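To keep things clear, I will list the structure first and then write my remarks on it.
The values are calculated or read from the model by the stated rules, or taken from the named source; none is laboratory data. As the structure is a prediction and not an experimental result, all values here were calculated from the model. When we count neighbours, we look across all protein chains shown, and the Cβ atoms used for this are built from the backbone with ideal geometry, even at glycine.
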Amino acid sequence: MFVVIVGAGRVGASLARSMLAEGHEVSCLDEDPESHARLEIGLDRSWEDMGGRFTVGTALEIEALTAAGVERADVFVASTNGDNTNIIIAQLAKRRFDVPTVITRVLDPYRAQWYADQGMHTICPTRVAIDMLETEVRAAASRTRGSAGRSGGVDHEDADL
Amino acid sequence: MAEKIYIIIVGAGKVGWNLARELLEKGNEVTLIENDRERYLTVEQELEHNIQYGDASELWVLERAGISRAGMVIAVTGDDEDNMLICQVAKEKYRVERIIARVNNPRNREHFDLLGIRPSVSATDLILRLIEHEVPEYGLVHLLDLPEQHLEIIELLLPADSRAAGQRVSDLQMPDGSLLISVLRDNTGFVPDADTVLKPGDEILAVLDPRVEEDLTAYFGPDRTASE
């Protein structure tokens with residue numbers, strides 16, 4: 001499978017390394033040449049020696065996307081640090097380049113939800129964090145249930161935690 | 001603008017600020033949205049309650065500004081992705097009737113078109129258009145573009161070696177879907193008749209389907225069979 005990842009930040013670079021290690025063909029596009037170093041974290045050989053590809057360019061430039069190989073991508077991942085950039089380039093990948101699977105990282109839950117409702121495959125890390133926090137807080141609440149919380153007489157040792 | 005509508009402008013740079021001022025002076029209700037705190041405070045001294053602070057690509061910021069009753073949204077930030085996204089949600093989520101987007105990098109214009117964001121305005125393109133008009137060697141000037149209606153009006157300078165120079169209008173074989181509407185000669189415009197003979201240096205105005213533009217310019221242009 002050929003995976004094109006736009007935005008080789010912490011998320012994009014980790015995903016790129018994992019996919020390459022699993023035997024997929026991986027090409028990364030990032031506007032910052034320094035991002036290349038992030039791809040090689042923990043590797044004993046260079047990214048290219050491992051078979052990876054890296055292109056420096058702006059995500060919105062058709063030439064850069066083409067150089068990264070978008071035209072024959074099986075999967076396109078938009079993981080730059082800009083929600084709007086990700087949402088726009090995901091639509092380019094889908095509508096202009098006809099990539100079969102397009103996955104978009106959107107940090108803002110509201111925007112992620114609306115675009116998901118329109119058929120976009122969005123991943124919202126903020127939503128995941130909110131859900132996890134809610135679960136933890138609810139779990140804590142159920143542990144204190146029956147004692148009606150701190151004011152209701154939880155002992156001080158517990159309340160300070 | 002006879003009809004007064006509620007207009008939301010995103011981006012309080014020079015373009016947005018001046019637009020807001022002009023539209024307010026014409027009696028419209030306007031809200032400007034700016035996400036840079038310092039810029040917001042500067043503009044707020046003049047526009048007061050007509051500017052709000054926030055990132056308009058966060059939907060609640062648009063909602064707080066009352067987007068559901070807006071008749072027009074104008075996105076003129078310095079960031080093309082933001083302008084595209086804001087106009088897309090304005091049009092498709094909030095069903096705003098009219099949108100206008102600013103294109104910062106003219107190479108991004110095709111993306112605006114792909115996402116159905118029209119009209120979009122690029123200062124670079126406008127200046128290029130003016131250069132074409134001021135420097136007639138460029139040959140072709142677009143006077144009016146109505147891409148949705150498949151219609152445009154162009155101005156074209158007949159070069160000395162134009163195949164059409166010296167021909168009577170009735171003998172012209174212009175491509176189907178194009179029509180000669182007037183001729184500018186010695187700073188005077190006139191509507192040609194069948195007996196008018198075209199001369200090198202004439203500027204002709206034609207109405208046409210944009211799809212035959214290339215054929216038309218090739219027909220009136222110099223004999224360039226060797227070049228390109």
Open item on the list: Just to be sure before I move on: is B:VAL169 buried (at least 19 other Cβ atoms within 10 Å of the Cβ) and either within 14 Å of chain A (Cβ to nearest Cβ) or farther than 30 Å from A:ALA116 by Cα (or both) in the structure I sent?
Closed with: no
Task: B:ARG39 vs. criteria over 24 Å from the mean Cα position of the chain (by Cα), over 20 Å from A:VAL106 (Cα atoms) and surrounded by fewer than 17 Cβ atoms within 10 Å (Cβ to Cβ) - done: no
Task: Test: residue in the range B:178-200 that is assigned by TED's automatic domain parsing to the domain that holds B:GLU155, part of a helix (DSSP H, G or I) and without any contact (Cβ under 8 Å) to a residue 40 or more places away in the chain - done: no
Open item on the list: Just checking, does the range B:210-223 include any residue being surrounded by fewer than 18 Cβ atoms within 10 Å (Cβ to Cβ) and without any contact (Cβ under 8 Å) to a residue 12 or more places away in the chain?
Closed with: yes
Open item on the list: It is to be established whether one or more residues within the range A:29-47 are within 17 Å of A:THR104 (Cα to Cα), modelled with pLDDT of 95 or more and either in contact with a strand residue (DSSP E or B) (Cβ under 7 Å, 6 or more places away or on another chain) or part of a helix (DSSP H, G or I) (or both).
Closed with: yes
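Yes/no per residue for (1) over 26 Å from A:ILE87 (Cα atoms); (2) in a strand (DSSP E or B); (3) within 16 Å of the chain's Cα centre (by Cα):
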site	(1), (2), (3)
B:THR77	no, no, no
B:ASP82	no, no, no
B:LYS91	no, no, no
B:ILE100	no, yes, yes
B:PHE112	no, no, yes
B:ARG118	no, no, yes
B:LEU130	yes, no, yes
Task: Members of the range A:48-67 found to be within 13 Å of chain B (Cβ to nearest Cβ), surrounded by 15 or more Cβ atoms within 10 Å (Cβ to Cβ) and assigned to a helix (DSSP H, G or I), listed by number - done: A:ILE62, A:ALA64, A:LEU65
Open item on the list: So for the range B:59-74 (the condition being part of a loop (DSSP other than H, G, I, E, B) and under 30 Å from A:ALA64 (Cβ atoms)), does at least one residue qualify?
Closed with: no
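Every residue, every condition in (1) under 24 Å from B:LEU115 (Cα atoms); (2) crowded, with 24+ Cβ neighbours inside 10 Å, yes or no:
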| site | (1), (2) |
| --- | --- |
| B:ILE8 | yes, yes |
| B:GLU48 | no, no |
| B:ILE67 | yes, no |
| B:VAL73 | yes, yes |
Task: Members of the range A:81-116 found to be of a type in the set (Asp, Glu) and either more than 21 Å from A:VAL128 (Cβ to Cβ) or in a loop (DSSP other than H, G, I, E, B) (or both), listed by number - done: A:ASP98, A:ASP108
Task: Unmet criterion (only one of (1) away from every other protein chain (no Cβ under 14 Å); (2) in contact with a Gly (Cβ under 7 Å, 6 or more places away or on another chain)) for A:ASN81 - done: (1)
- [ ] Name the residue, out of B:ARG118, B:ARG109, that is at pLDDT below 95, farther than 19 Å from A:ASP108 by Cβ and surrounded by 18 or more Cβ atoms within 10 Å (Cβ to Cβ).
- [x] B:ARG109
Task: Breaking point among (1) aliphatic (A, V, I, L, M); (2) crowded, with 17+ Cβ neighbours inside 10 Å; (3) not assigned by TED's automatic domain parsing to the domain that holds B:ASN18, for B:LEU128 - done: (2)
